[in-house]
Amino acid sequence: MVEQERLNRRTRHPDQTSWRGRLSRYGPLLVWALLIFIGSGSVLSAEHTSVILRAFKWFFPSAGPESLAWFHFLVRKAGHLTEYAILATLAARAFRNSSHLFIKQHWFKFSLLLAVAYALTDEFHQSFVPSRTASIHDSLIDSVGALIALSVIWLRYRRTNNQRRVRTGSGSDPIKAHAAKS
């Protein structure tokens with residue numbers, strides 16, 4: 001009985017189906033996607049992100065042009081990795097707390113699919129911006145960032161569930177058990 005009550009709390013909160021519940025889940029995801037879209041214009045082009053090189057040059061005054069170019073390349077690629085790790089994290093947050101059981105059960109796949117699709121469309125968008133160049137390699141870096149973030153979330157989720165099962169003595173995942181009963 002206690003396990004069933006816990007399952008009901010985890011699968012459907014009172015405000016989960018309201019517009020406020022959806023806004024709290026999907027709002028941050030949409031805002032972050034919009035920020036990526038804005039950044040994929042000329043705002044974060046190589047010309048504008050080269051400002052970071054001034055700080056690098058200040059810390060390492062003897063750095064030559066090759067070192068500066070390599071550092072700029074690494075910073076830009078780390079940016080790709082990070083921005084899509086954040087996108088995937090926000091997608092996982094939204095999908096793991098969804099009011100739809102199917103989405104909740106397959107949050108990892110939906111989150112990764114969304115991040116990969118958005119990465120591809122982002123590069124397509126960049127092909128129309130004169131100061132940017134579209135690259136499938138950047139889409140791959142974006143997708144790897146999403147996959148890393150989702151894998152960390154999944155591992156933490158599994159570890160938390162395993163610890164919970166040991167504490168409560170139950171041998172099954174509450175979400176899967178609920179799906180089996182439905």
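The values are calculated or read from the model by the stated rules, or taken from the named source; none is laboratory data. Being a predicted model, the structure only gives us computed values, none of them experimental. Neighbour counts run over all protein chains shown; Cβ positions are idealised from the backbone, glycine included.
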* Can you find even one residue in the stretch 150-158 that is modelled with pLDDT under 95, assigned to a helix (DSSP H, G or I) and either of a type in the set (Lys, Arg) or under 20 Å from Leu34 (Cα atoms) (or both)? -> yes
* Structure fact -> All-but-one check, Asn97 against (1) touching a Gly at 6+ places or on another chain (Cβ under 9 Å); (2) farther than 28 Å from Ser18 by Cα, failing number (2)
* Structure fact -> For Ser99, the lone unmet condition from (1) assigned to a helix (DSSP H, G or I); (2) surrounded by 12 or more Cβ atoms within 10 Å (Cβ to Cβ); (3) modelled with pLDDT under 90; (4) not β-branched (Val, Ile, Thr) is (1)
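Please tell me if Thr82 is surrounded by fewer than 19 Cβ atoms within 10 Å (Cβ to Cβ), polar (S, T, N, Q), within 27 Å of Gly27 (Cα to Cα) and modelled with pLDDT of 95 or more. Outline the logic, then answer.
Values: surrounded by fewer than 19 Cβ atoms within 10 Å (Cβ to Cβ): yes; polar (S, T, N, Q): yes; within 27 Å of Gly27 (Cα to Cα): yes; modelled with pLDDT of 95 or more: yes.
The answer is yes for Thr82.
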* **Condition broken by Val116, with the remaining ones in (1) under 23 Å from Leu23 (Cα atoms); (2) assigned to a helix (DSSP H, G or I); (3) at pLDDT below 95 satisfied** => (3)
* To do: Just give me the residues in the stretch 24-47 being loosely packed, with under 12 Cβ neighbours inside 10 Å and at pLDDT 85 or above, in sequence order.
  => Val31, Leu34, Ile38
